Every structure is written in structure tokens, then in C-alpha cells.
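So the structure is just underneath, and the comments pick up after that.
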Amino acid sequence: MKKLILIFVAALAISCGDNKKEEKKELKIGTQVEETSPAETTDDAVANVTIEGNDQMKFNKSEIRVKAGQKVKLTLKHVGKMDKTVMGHNWTLLTQDADMAAVGQAAALAKDSEYIPTDMKDKIIVHTKMLGGGESDTIEFDAPAPGTYTFMCTFPGHYALMQGQFIVE
Ligand SMILES: [Cu+2]
């Protein structure tokens, strides 16, 4: 009976997702194989994640996976040399109903609050400080409910390249 439920869940995962991640999830459920996480998880309670931003306006990760119930300790490192006024980076996690482009456009007008739009705070779960080259910032937060979230850099124009998926399994 348990196996039947697992198959049903797997089928559900396939039917509502059309990408490879869902297929991977199905395999995981079906075979009970422990998946190695790219989130550099060191123990069950805490997911330690490090992500870098550079002078080429890129993050070094496009996907971060954590597990539901974990505390996430995330460090953003700006590994470039440019000043934060011209190549600033932050790591901003959006709610699932947020429109990334809308947040990005509002953020571009929010220079005084380090490009975090105060009128859209309800669309932002958490964010790091805005960093310049050589700086880093670590934030801690509880993993939100299982699902796929978007992360981005809110420096003007950066979200076009600096974005990715934050997946809570
Ligand atoms: Cu940036």
C-alpha cells in the first residue's frame, strides 16, 4: 500500500511538472535513493550555502536546494573588485507569488534603501546587504514551505543575468 502511494505521488509530480527536476524527484521517491545536495549541507538541521557574485554580473549558482525545516545559513561573496555603486550585488529571495520583473523595476528606483523596494517588502522573504567587490554577508533564515522560489540580485538591471531557483524539498 505504501508503495502504491509513492507511485501515486510520483505520478503527480510528473503530471504537474514538465522539467527534469521533477523527473529527478520522481526517481528519488520511487527508489528511496539519498540525493546529494549542491547546497553544501553539513548536517540535517542547517543548510550551509555559499554563493558568489562577480564583476561579470553573474552568480556562480543558478540553483540552490535545501530541505524543508532546515535553517539556511547563506553567505553571499562578491568575488570581484568593483565598487558597490557600479557593480553591487545582493541575494534576494522572493515569495512564490512575486513577479521578478516588477520587483526588479521597483528596486531600480530604490537607491536610498540599497535597491530593496520598501513598497514590495511583502514579496521579499529575505535578502543580504548590497555588497561591493571583496565583501561578503551571511544571513540566516528558516527554509520556507516546500516549493520553488526565485532568487535575484536587485541592483538595477542585474536580475536579467543574476537570478536562479531556490528549491525547498
Ligand atoms: Cu548584482
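Observations on the model:
- Out of LYS121, LYS129, sole residue that is within 16 Å of the chain's Cα centre (by Cα) and either within 16 Å of the ligand (Cβ to nearest atom) or in a helix (DSSP H, G or I) (or both): LYS129
- Selection count, segment 110-129, where residues are in contact with a strand residue (DSSP E or B) (Cβ under 7 Å, 6 or more places away or on another chain) and among the aliphatic types (A, V, I, L, M): 4
- Scan of segment 42-64 for residues that are surrounded by 12 or more Cβ atoms within 10 Å (Cβ to Cβ), touching a Lys or Arg at 6+ places or on another chain (Cβ under 9 Å) and of a type in the set (D, E, K, R), ordered by number: GLU52, ASP55, GLU63
- Qualifying residues in segment 157-169 (those that are under 18 Å from MET57 (Cβ atoms) and of a type in the set (A, V, I, L, M)) - the one farthest from the ligand (Cβ to nearest atom): ALA160
- Of the candidates THR138, THR85, THR154, the single residue that is away from the ligand (no atom under 14 Å from the Cβ) and either outside any helix (DSSP H, G or I) or within 20 Å of LYS58 (Cα to Cα) (or both) is THR138.
- Test: residue in segment 89-101 that is assigned to a loop (DSSP other than H, G, I, E, B), in contact with a Ser or Thr (Cβ under 6 Å, 6 or more places away or on another chain), modelled with pLDDT of 95 or more and polar (S, T, N, Q): yes
- No other residue among ASP122, ASP137 is modelled with pLDDT of 95 or more and surrounded by fewer than 14 Cβ atoms within 10 Å (Cβ to Cβ) apart from ASP122.
- Residues of segment 118-169 satisfying the condition of being among the polar types (S, T, N, Q) and within 28 Å of GLY80 (Cα to Cα): THR118, THR128, SER136, THR138, THR150, THR154, GLN163, GLN165
- Listed by first and then second residue, the pairs linking a residue in segment 76-102 that is in contact (Cβ under 8 Å) with a residue 60 or more places away in the chain to a residue that is of a type in the set (Ser, Thr, Tyr) and within 10 Å of the ligand (Cβ to nearest atom), with Cβ atoms under 8 Å apart and 6 or more places separating them unless they lie on different chains, are GLY88/TYR115; ASN90/TYR115; ASN90/THR154; THR92/THR154; MET100/TYR159.
- Residue selected from segment 88-118 under the condition among the β-branched types (Val, Ile, Thr) and more than 14 Å from the ligand (Cβ to nearest atom), by the criterion surrounded by the fewest Cβ atoms within 10 Å (Cβ to Cβ): THR118
The values are calculated or read from the model by the stated rules, or taken from the named source; none is laboratory data. Fair warning: this is a prediction, and the values are worked out from it, not measured in the lab. Please note: Cβ atoms are built from the backbone with ideal geometry, for glycine as well, and neighbour counts cover all protein chains shown.
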